1. For the stretch 51-97, what is the charge dipole size about the Cα centre, in debye to the nearest 20, if Lys and Arg each add +1 at the Cβ and Asp and Glu each add -1 at the Cβ?
2. With the other protein chains left in place, how much accessible area per residue, in square angstrom, belongs to the chain at a 1.4 angstrom probe?
3. Keeping the other protein chains in place, figure out the carbon and sulfur percent of the accessible area of the stretch 1-80, with a 1.4 Å probe.
4. Using the Cα centre of the chain as origin and beta-carbon charges of +1 (Lys, Arg) and -1 (Asp, Glu), tell me which of LEU10, THR62, THR81 is placed farthest towards the positive end of the dipole.
5. With the crude spin-label approximation of a point 7 Å out along Cα→Cβ, what separation in nm comes out for TYR38 versus LYS12?
Amino acid sequence: MQNIYVPDYLKKTVIMIQTAFPERVNKEQYFSLLYLLYDYMCDENLAIVMSYITGEKIATVTNDIWGVNQRTIESSYLLDTKNRLLKSGFASWVNDI
């Protein structure tokens, strides 16, 4: 796993995701998170956060971000991910950004 520096202004986001997914984020959850958070974060910040969460290289996450809207993501995964985020403070997080 690479060492990723997470700036202070992104730590709330990391904590929210870690609270929503106390176990490792699987592939379906990963793409669901990219899809759901894309409208709220710039590509660079989303790549930093998701690289920290998953251990993937920032360049790999960035490529996944750029292609996420062309992927088919099952609605059940999107719903589960959204519900987990909501239980972990997503609404408050949105109001803070």
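The values are calculated or read from the model by the stated rules, or taken from the named source; none is laboratory data. Since this is a predicted model, take the numbers as computed values, not measurements. Glycine gets a Cβ as well: all are built from the backbone with ideal geometry, and neighbour counts include every protein chain shown. The area values use the complete protein model at the heavy-atom level, side chains included, leaving out ligands, DNA and RNA. Shrake-Rupley method; radii C 1.70, N 1.55, O 1.52, S 1.80 Å.
1. 60 debye
2. 62 Å²
3. Within the stretch 1-80, the accessible surface is 49 percent carbon and sulfur.
4. Result: THR81, furthest along the dipole toward the positive end.
5. If labels sit at TYR38 and LYS12, their model points lie 2.4 nm apart.
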